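Please read the structure below before turning to the comments.
The values are calculated or read from the model by the stated rules, or taken from the named source; none is laboratory data. All of these numbers come straight from a predicted model, not from anything done at the bench. Cβ coordinates were reconstructed from backbone atoms using ideal geometry, including for glycine residues, and neighbour counts include every protein chain displayed. All accessible areas refer to the heavy atoms of the entire protein, side chains included, with ligands and DNA or RNA removed. Shrake-Rupley method; radii C 1.70, N 1.55, O 1.52, S 1.80 Å.
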Amino acid sequence: MPALEEFTHAALQEIINKGRYRQPQAVRRLEGAYVEVDGKRYLSFACNDYLGLSHHPHVKEAAIRAVQDYGSGAGASRMVTGNHPLYSELEAKLATLKGTESACVLGSGYLANSGVIAALMAEGDLILADKLSHACLLDGAKLSGATLRRFPHNSLSMCEKLLARERHHYRHCLLVTETIFSMDGDKAPIEALARLAKQYDSWLLTDDAHGLGVAESHKADIQMGTLSKAAGSYGGYVCGSSGLIDYLKNSTRSLIFSTALPPMVVASAIAALDVITEDAALTRKPLAHARLFTSLLGLQPAESPIVPVIVGAEETALAAANRLRQQGFWVAAIRPPTVPPHSSRLRFAFTSNHTEEDIIRLAAAIQQEGSIVIPGI
Ligand SMILES: *Cc1c(COP(=O)(O)O)cnc(C)c1O
């Protein structure tokens with residue numbers, strides 16, 4: 001066997017042996033919270049389109065109009081000819097929404113985090129990241145060449161201990177956290193982290209991927225996020241002072257050396273932000289639905305639209321998700337390496353498209369599902 005084939009075959013076998021082999025399935029998203037897989041219809045609790053905006057009539061219309069006006073692709077990097085007129089409109093809206101002087105839109109949340117961290121930090125600098133930070137935050141830290149230390153999840157005292165012990169050995173220091181943790185649904189103590197950052201002459205970067213459109217705003221030096229979740233579109237962004245954003249536009253390699261987003265993607269994000277700004281009743285629904293679910297199951301009240309039910313073993317999570325599927329619910333079984341070993345879980349994402357009836361049916365199905373042991377029940 002050629003060496004490449006031999007290597008990939010053995011490496012894949014290892015993934016299979018660990019029970020971590022995955023094959024994406026063709027999923028057609030239907031109207032509302034439904035999906036179609038293999039010709040069957042399921043009620044989905046596995047989608048981050050928290051406000052259903054990817055199917056909102058205004059958002060779809062804006063995308064179609066942009067294709068007609070500007071064509072399907074951007075044609076080049078934003079620094080060459082890809083910076084179509086819709087970008088400045090979207091960036092102005094983001095800055096207003098986040099209460100910052102300026103904003104910069106990049107290709108995706110992944111490209112934003114990996115590029116921005118690498119643009120700001122370098123060897124001789126220190127990055128302190130929450131242990132549960134998203135992979136692209138950690139990849140950005142690695143790419144930067146700075147020293148990376150991780151503090152236990154949401155532990156202010158351990159973060160401060162690291163700052164007190166290590167900060168003075170380094171030139172710059174960046175604290176990194178998520179506003180709402182993607183696989184746990186809990187919130188970071190942003191205000192306290194901002195105070196620590198100030199006290200130790202450090203900068204705070206918050207990843208608001210799961211907060212935009214469904215949680216209240218917050219303050220941080222560098223506010224990053226994505227347009228691919230509640231905004232129902234695609235693209236990453238970073239908001240901050242005009243000086244910071246100007247510097248990032250001139251130094252972030254994932255922005256400079258990558259083609260700009262298609263105009264229709266930017267147009268749909270603009271329309272989605274308009275809905276988010278104008279429809280407060282809509283943006284409150286996902287959390288209200290998550291809270292109904294946690295109260296029905298006697299769980300801690302949800303802090304966000306994301307509710308994990310941790311079952312431990314990978315096979316248990318997979319089997320439980322499969323049985324819920326047989327009852328018509330599409331639920332994600334999340335396993336390592338996305339989450340730490342022995343913390344495999346069902347991750348429920350609640351959206352404005354669910355009804356109270358849907359949630360009551362789901363909770364009843366979980367209560368009947370023997371293998372899902374819910375703490376406190
Ligand atoms: C989804 C996600 C990202 C990546 O955003 P994309 O736009 O999907 O690339 C970054 N951080 C967190 C916390 C996320 O959940």
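Quick check: at a probe of 1.4 Å, how many percent of the accessible area of the chain sits on carbon and sulfur atoms?
Details: 9450 of 17720 Å².
After summing per-atom areas, the C and S share lands at 53 percent.
3J(HN,Hα) along segment 194-209: 5, 5, 4, 4, 5, 4, 9, 6, 10, 10, 10, 10, 10, 9, 9, 3 Hz, from the Karplus curve 6.51 cos²θ - 1.76 cosθ + 1.60 with θ = phi - 60°, whole Hz, x for Gly and Pro.
The charge dipole of the chain, taken about the Cα centre with unit charges on the Cβ atoms of Lys, Arg (+1) and Asp, Glu (-1), comes to about 460 debye, rounded to the nearest 20. Think of the chain as having a plus end and a minus end, set by charges on the Cβ of Lys, Arg, Asp and Glu; of 63, 324, 112, 324 sits farthest toward the positive end of this dipole. The antiparallel fraction among DSSP beta bridges confined to segment 112-238 stands at about 20%.
Looking at the chain, what % of its DSSP beta bridges pair antiparallel, to the nearest 5?
Antiparallel: roughly 60 percent of the beta bridges in the chain.
About its Cα centre, segment 151-198 has a charge dipole of approximately 340 debye under the convention of +1 per Lys or Arg Cβ and -1 per Asp or Glu Cβ, with nothing else charged. Distances between placed amide hydrogens fall under 5 Å for residue 74 paired with no residue 5 or more residues away or on another chain. Taking every DSSP bridge with both residues inside segment 256-377, close to 100 percent are antiparallel.
Could you give the accessible area per residue of the chain, probe 1.4 Å, as a whole number in Å²? Spell out each step's value before the answer.
Values: 17720 Å² over 377 residues.
For the chain, the solvent-accessible area averages 47 Å² per residue.
In the chain, helical runs assigned H by DSSP with n ≥ 4 each contribute -39500 (n - 2.57); averaged across all residues and rounded to the nearest 500, the mean residue ellipticity at 222 nm is -13000 deg cm²/dmol. For the chain, the residue among 353, 259, 342 whose Cα projects farthest onto the positive side of the dipole built from Cβ charges is 342. Among the GluC sites (Glu not before Pro) in segment 27-83, those placed in a DSSP loop whose Cβ has at most 13 other Cβ atoms within 10 Å are 31.
Anything over 26 Å Cα to Cα? Flag those among 98/198; 60/229; 98/229; 198/229; 131/285, in the order listed.
Values: 98/198 20 Å; 60/229 16 Å; 98/229 16 Å; 198/229 30 Å; 131/285 30 Å.
Violating the 26 Å limit, Cα to Cα: 198/229; 131/285.
Just to be sure I understand the model, the point goes 7 Å from the Cα along the line to the Cβ. What's the resulting residue 26 to residue 165 distance in nm? Placing both labels 7 Å beyond Cα along the Cβ direction yields 5.4 nm. Among 21, 42, 75, flag the residue with its Cα farthest along the positive direction of the charge dipole of segment 1-97, charges on Cβ as +1 for Lys/Arg and -1 for Asp/Glu. It is 42, whose Cα lies furthest towards the positive end. Think of each Lys and Arg Cβ as +1 and each Asp and Glu Cβ as -1; about the Cα centre, that makes the dipole of segment 1-118 roughly 260 debye.
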